[in-house]
Structures are given as C-alpha cells and as structure tokens.
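Some notes on the structure that comes next.
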Protein chains: 2
Amino acid sequence: MARKASETRWELQKDRMLRAAARCFNEKGYSGSSLKDVANVLGLTDAALYYYVRNKEELVYLCYLRAGDVGRETLDRAIAEGKNGLDTVRRYLRYHLEVMTGERGPIAIMSEIPSLKPEHRDEILEISRDHSARFEAVLERGIEDGSIAPCDVRMTGNAIMGSLNWVPKWFHGDTTVGEKIVAEFPGILSAGLEH
Amino acid sequence: MARKASETRWELQKDRMLRAAARCFNEKGYSGSSLKDVANVLGLTDAALYYYVRNKEELVYLCYLRAGDVGRETLDRAIAEGKNGLDTVRRYLRYHLEVMTGERGPIAIMSEIPSLKPEHRDEILEISRDHSARFEAVLERGIEDGSIAPCDVRMTGNAIMGSLNWVPKWFHGDTTVGEKIVAEFPGILSAGLEH
DNA sequence: GAAAAATTTTAATCTGGATTAAAATAATGC
DNA sequence: GCATTATTTTAATCCAGATTAAAATTTTTC
C-alpha cells in the first residue's frame, strides 16, 4: 500500500511476479491458474500477491501491458535496423523469438483477453490492433520497396502472428529447442514472402 | 442415464452440445466458461448437460476426441487425394480451414489440455503427437518427391500448425472473413515450402 | 539497536460455479 | 389415452479459490 524508498525492490519483485504469472497463464490458462500457483513459483503465499496488485484481473492486465511494451520495443528495433521490408520482418521475428524463448520466458499470451474487464479489454485490444497494423505496414513497405512479393497483408500478417503466438503452447523452456526455434522460424515464416 | 430407442436424438443433442462447448471454450477458455454459458447457447439449463456427460472435464475431453477425429479425417482425405507432398499439404490446409471456418464452427482448440485429468491428457497428447507426426511425414514425402524444398520438418510443421491453431482466436464467425481465410491461407502457409 | 516502514503470513470470510437428487415435463410405444 | 421411458428443471449442497483483515516478520533508517 506504500512504497517510497525501495521503489527498486518493489518493482523488482513485481517484475518477478508478472513473469511468474505469465508463465502460469501460458501453461494453464488464466482461470486455470490459482493465485496460489503463481505464488508458489515465487516461494510466496497467495495473499502476498495482493501487496503488488489489486486483484487477479489486474495481474493479467499488467501481463498484457508488459507484453505490449515488449512487442512494441522489438518492432521498433526491427524497424530502426531493417534495411528494407523483408529484412525488417526477419529481424522482428528473430528479436521476438529471442525474447519468447529466452531465459526470462514468454512474457504473455494473447489468449485470456475475454477474462479482462471491459475497460482493460478494450485497451489491450487497441494495443494489439496497433501492433498488427504496424506489422502490416512493414509488409506493405516491403511490397513497395520490392523486397516482398505482393500479398494480402492482413491475412499474411495474421498467419505469421499466429505462428509466433502459438509457440508458447508447445515450447516449455528447453534451451536446445529454443535455439532451434530462433534459428529456424524466421526463415520458415519469411520464406513465403520472397519473390 | 438410459437410451435405447432414440439413440439418434440423444446423439444429435450431444453433438450440438459438443459444438456449443467447443465454441465457448474457444472464446473464453475452459475454466472461463461456466456450464451455464454452454447451456445457454443450447437454450438449456446447466444441470441438463449432466444428462449427456459425467462432468465438465469429460466435456472438454470429448471435444478433443472429436477434434482428433476431424483432424485425422481431413488429413486422410488430403493424403488420399494429394498428387505429391506439396499438393497434399495444400489440400490439408484447405480442408482443415474449411471445417474451422465453416458454419459448424471450430471443433476445438488445443489450449486446454492442462485442464484434463492425467489419463485423458495423455490420450489426447498422443493423438496430437500422432497427427503432427503424420503431417511431418507428408512434408518429408514432399522433400523426397521434389515438390518441397529441404527443411526442418519438425519446425516447419510446428510453424504451419501454429498458424492454423491460432485462427479460432481471431476468427469469430464472419463468413466473409472465413472465405478469405480459406482462399488465402493455404497459399500463404505453403509458399515457403516451394523450391 | 530501536523505531518506522515494508513485506509476508495466518486465519477468516465470501462467492461463483460444479455437482447432485428429486421432481416435473415431454415424448413414445402400445 | 395410459404407462413407460426420455429429457429437462428446480432447488439444494459443496468446494476451490479469490479476497480481506489483522498479526507477524523482515528490512530500512537514523
């Protein structure tokens, strides 16, 4: 309820909590994971979580917000560094997958949106739509600069995003597999874009 | 508890129930959908569902079994009709998407497996693994017959399946969109396989 | 090292939703 | 139409898991 001096410690713990929550939600789903499940991962009691968050719903909400931030950052970076549309797509895929399969684990999944309360749901949906729109814009740029063959950017975007979003469903932390994903997926998912 | 004469009616109702359940689970997740939610779709009371099923867990379980059957059938059909590996993949994609976006709605999602009890979970996981293995075999055949460029079939299979499995997350019954998916996805997802 | 603030736990409550049993209604066979 | 069977509802019960309040413990400050 109070936090002044140790802003850092508090934020650090909260961060751990959000990651633990994201992992649980990924594995068992929102309603499928109890607060005790999340707390166990942290070596805490379920009640302790209320020190960091108002209620369970806020927990998912924050997971999504954070996922949105990470998604935006990786896309920003890919756009900043990409030489052309296709190169930008490939970089985005790699950066995204590095985070998802990295030791910090997947940030969040976009599956529990219906569980959010209306205001939060709308906010997250808008963030999600923005992200998709930006990604589609990258595809369009690629078509214009000639690095990507003409295609339905909406459908192509959905296809690629689907593949990415599904990864947490079958990737469970095995680093060997993780490295393989990072190595293979960008190529596989972008192969269809070329002329 | 009893059923003799009207085997047909009973099966018919059960069928409707499974589809309603699958739709709910897709939209809100397993624990997120109450039996009342499922019953509402059917114009029934939650208690009525117990006439068809022992408990809620059995409901998801049956959804998965059915999804497995449908998946196997579409793959069977694609394999039977496919001229070569690539053609088989494309057919499978089309058949699968036609079912998923068809008026009977998505059959089931592979997201709630952790909610199943161990025996059921193992059974469904094996069905799922079998399906993946068969799909990967199709990819291998395509590589051998020269219709598909050499690739890591495991990763490629996961990438394609992920795209497919994610569709129910963003497709919510709009027939126009459904037709577009059927028209575009097979091409998009198989474009990267060609030489 | 003691007071104050921060963090976590213990021990209740409270609630939605699964489950059950008995009763009510609808369908079917004769 | 009557008796039997099939289907659904009504009205409890039951329980896991969210939430809360007060107490205990740990950390920080000076």
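Rule-based calculations on the coordinates, nothing more; no lab input. In this text, all values refer to a predicted model and were calculated from it rather than measured experimentally. So basically every Cβ, Gly included, is an ideal-geometry build from the backbone, and we count neighbours across all protein chains shown.
Which of the three applies to the protein assembly as shown, rounded, prolate or oblate, going by the alpha-carbon gyration tensor with a ≥ b ≥ c and a/c under 1.5 meaning rounded? Write down the numbers at each step before the final one.
Working: a/c = 1.74, a/b = 1.00, b/c = 1.74.
In terms of gyration-tensor shape, oblate.
Where the Cα atoms of the range A:57-191 are projected onto their three principal axes, how long is each span, largest first, in whole Å?
Largest first, the range A:57-191 extends 45, 36, 24 Å along its Cα principal axes.
When the helices in chain A are scored as -39500 (n - 2.57) per DSSP H run of 4 or longer and the sum is shared across all residues, what 222 nm value do you end up with, to the nearest 500 deg cm²/dmol? Walk me through the numbers before you get to the answer.
Details: 7 runs with 135 residues, N = 195.
Counting only the DSSP helices, I get -23500 deg cm²/dmol.
By a straight-distance test (C-alpha under 17 Å), which lysines pair with residue B:56 as possible cross-link partners, with residues fewer than eight away in the same chain excluded?
Cross-link targets: A:28, B:14, B:28, B:36, B:117.
Which ³J(HN,Hα) values, rounded to whole Hz and listed in residue order, are derived for the range A:86-95 from phi using the Karplus coefficients 6.51, -1.76 and 1.60 in 6.51 cos²θ - 1.76 cosθ + 1.60 with θ = phi - 60°, glycine and proline given as x?
Listing the rounded values in order: 4, 5, 5, 4, 4, 5, 4, 4, 5, 4 Hz.
Charges only on Cβ, +1 for Lys and Arg, -1 for Asp and Glu: so what's the dipole of chain B about the Cα centre, in debye to the nearest 20?
660 debye
Using the Cα centre of the protein assembly as shown as origin and beta-carbon charges of +1 (Lys, Arg) and -1 (Asp, Glu), tell me which of A:43, B:47, B:165 is placed farthest towards the positive end of the dipole.
Selected residue: B:47.
Can you list the lysines whose alpha carbon is less than 18 Å from that of residue B:180, not counting same-chain residues fewer than 8 positions off?
Within reach: B:169.
Distances from residue B:13 to the same residue in each other copy, label points 7 Å out along Cα→Cβ, in nm, shortest first?
Relative to the other copies, residue B:13 has label-point distances of 5.4 nm.
Along Cα→Cβ, 7 Å out, is where each label goes; now give me the distance between the ones at residue B:154 and residue A:34 in nm to one decimal.
3.6 nm
What ³J(HN,Hα) values, in whole Hz, does the Karplus curve 6.51 cos²θ - 1.76 cosθ + 1.60 give for the range B:73-82 when θ = phi - 60°, with x put for Gly and Pro?
4, 5, 5, 3, 4, 4, 5, 5, 9, x
Shape call for the range B:119-175 from the C-alpha gyration tensor, a ≥ b ≥ c root eigenvalues: rounded (a/c under 1.5), prolate (a/b greater than b/c) or oblate?
Note, shape of the range B:119-175 comes out oblate.
At residue B:130, label 7 Å along Cα→Cβ: distances to the other copies, nm, ascending?
Between copies, matching label points for residue B:130 lie 4.7 nm apart.
Post the alpha-carbon centroid distance, the range A:42-104 to the range B:48-84, in whole angstrom.
About 34 Å separates the Cα centre of the range A:42-104 from the one of the range B:48-84.
What is the distance in Å between the Cα centres of the range B:114-164 and the range B:179-195?
18 Å
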